[in-house]
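Since the structure comes first, as structure tokens, the remarks are kept for the end.
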Amino acid sequence: MATNDMENLGLLLAALPPAPDGWVQAAQELPRVTRELDQLVARAEADAALRASVVADLSAALAAAGIEPTRRVVEDVRARLRDS
């Protein structure tokens with residue numbers, strides 16, 4: 001990309017309104033939530049009783065782990081447990 005193109009891109013980006021606070025907060029929390037999901041799935045894969053508990057009430061298991069059980073998160077964990 002030419003320097004002039006990069007400068008124009010920078011000007012265009014600077015003209016955009018700031019990201020909504022919710023987007024910024026979600027982006028900041030994503031690494032922590034990803035780590036916690038990875039840990040929960042790994043523990044459920046290693047412990048049959050925990051896995052049964054997680055499968056029986058996934059929303060409660062996520063909430064207990066400090067993860068908001070949004071539809072997307074629940075679907076992701078179900079898929080990961082199904083694939084393991």
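Here are a few things to note about the model shown:
- Annotation note: of Ala49, Ala56, Ala44, the sole residue that is hydrophobic (A, V, I, L, M, F, W, C), in contact with a helix residue (DSSP H, G or I) (Cβ under 6 Å, 6 or more places away or on another chain) and modelled with pLDDT of 90 or more is Ala44.
- For region 1-25, the set of residues classified as at pLDDT below 90 and aliphatic (A, V, I, L, M) consists of Met1, Ala2, listed by residue number.
The values are calculated or read from the model by the stated rules, or taken from the named source; none is laboratory data. Treat the numbers as computed from the prediction; the structure is a model and nothing was measured. For neighbour counting, all protein chains shown are included, and Cβ atoms are generated from backbone atoms with ideal geometry for every residue, glycine included.
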